[in-house]
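Some notes on the structure that comes next.
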2 protein chains.
Amino acid sequence: MSHDLKLDLPAGLPFIDYEREFDYPVADVFRAHKDPELLKQWLGPRRLQMEVQNYEFRTGGSYHYLHTSPDGDPYSFSGIFHTVRENDCIIQTFEFGGYPDVVSLEFMTFKDLGEGRCRLVGHSVYPTLEARDGMAESGMESGMSEGYERLDELLESERVS
Amino acid sequence: MSHDLKLDLPAGLPFIDYEREFDYPVADVFRAHKDPELLKQWLGPRRLQMEVQNYEFRTGGSYHYLHTSPDGDPYSFSGIFHTVRENDCIIQTFEFGGYPDVVSLEFMTFKDLGEGRCRLVGHSVYPTLEARDGMAESGMESGMSEGYERLDELLESERVS
């Protein structure tokens, strides 16, 4: 089954907090964040094509990817991995090319729930309240929800195959 | 002359904002942030010895330095340069080894004031209000003030020499 994304925008604080459970082990969900060949099959809404231009998934590495809409509009994202700890946590910067220098910091923690299940806990920190609100109003929640549904489907297809 | 550090802790927001003017050109103040041989002569309070272990001052580069107290207590700091734009801005992550995973994001902008003067504008973003308050209570303000006084002295000595 697929679980709901729980998203919280705390009033007056430039944070976005979220949680999402998966009926798959931490190792599988973490690997889907680590391997760009998997990542591009699930990250973001279905209608966008994703191309990974650079993905050095390690502490100190950089990443750069591009989402392209059916109309051909490109959306570029880039950042640096401050911390990568296998099957445990990712701390990375995040910048949308449309808003240069509006950089956020994302904390993702992977928690083992036993019985082959896990929970992803996210905490994103924005440089201003306005930047947080702008991100929230950009369709982020539906894009993330759809992305995690795609991630469920990807891991299910791997389990079946 | 040496200017005062203006430091602001906005109520209820996990930010530290600061401004500091220098009677030196942007290029000089920026170079003192870029060159680790200069950096270690001014960053932080006078009583601490600074050793730069790694300093890749470029977009995507990493840094790691150590402050050591007269008693020999080590304080380790590390992070990644998300953006480095010469004589313009630095966006970097920052982590104190004593609080692992409590990573902040620092924005520094260098503004030319004309007549060989400039202003450094800083905006630091913490993952929680508690982390911001803890940083503010750690002696940060006096350490920064003293550091910028040392930076004035360093640039003055270079001008004289």
I'd like the full set of residues that are modelled with pLDDT under 95 and among the hydroxyl-bearing types (Ser, Thr, Tyr), limited to region A:110-141. A:Ser138
Which numbered condition trips up B:Ala136, out of (1) hydrophobic (A, V, I, L, M, F, W, C); (2) touching a residue at least 24 places away in the same chain (Cβ under 8 Å); (3) under 22 Å from B:Tyr63 (Cβ atoms); (4) open to solvent by less than 40 Å² (accessible area, probe 1.4 Å)? (3)
Would it be correct to say that B:Arg150 is within 26 Å of A:Phe96 (Cα to Cα), part of a helix (DSSP H, G or I), in contact (Cβ under 8 Å) with a residue 24 or more places away in the chain and more than 9 Å from every other protein chain (Cβ to nearest Cβ)? no
Unique residue being of a type in the set (Asp, Glu) and modelled with pLDDT of 95 or more when the list is B:Glu158, B:Glu149: B:Glu149
Do the conditions hold for B:Arg159, that is, is it open to solvent by 30 Å² or more (accessible area, probe 1.4 Å), assigned to a loop (DSSP other than H, G, I, E, B), more than 14 Å from every other protein chain (Cβ to nearest Cβ) and of a type in the set (D, E, K, R)? no
Pairs needed: first member in region A:105-133, more than 24 Å from B:Ser124 (Cβ to Cβ); second member anywhere, in a loop (DSSP other than H, G, I, E, B) and among the hydroxyl-bearing types (Ser, Thr, Tyr); C-beta distance under 7 Å; at least 6 residues apart or different chains. A:Gly116/A:Tyr24; A:Cys118/A:Tyr24
Going through region A:134-144 one residue at a time, which ones are in a helix (DSSP H, G or I) and either in contact with a strand residue (DSSP E or B) (Cβ under 7 Å, 6 or more places away or on another chain) or under 19 Å from A:Phe15 (Cβ atoms) (or both)? A:Gly134, A:Met135, A:Ala136, A:Met140, A:Glu141, A:Gly143, A:Met144
Evaluate the following for B:Thr59: is it open to solvent by less than 50 Å² (accessible area, probe 1.4 Å), under 25 Å from A:Pro100 (Cα atoms) and not hydrophobic (A, V, I, L, M, F, W, C)? no
Of everything in region B:10-41 that's surrounded by 17 or more Cβ atoms within 10 Å (Cβ to Cβ) and of a type in the set (A, V, I, L, M), which residue is nearest to the other protein chains (Cβ to nearest Cβ)? B:Leu13
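The values are calculated or read from the model by the stated rules, or taken from the named source; none is laboratory data. If you're wondering where the values come from, they're calculated on a predicted model, not measured in any experiment. Positions of Cβ are generated from backbone atoms using ideal geometry, with glycine treated the same way; all protein chains shown enter the neighbour counts. SASA here: full protein model, heavy atoms, side chains in, ligands and nucleic acids out. Shrake-Rupley method; radii C 1.70, N 1.55, O 1.52, S 1.80 Å.
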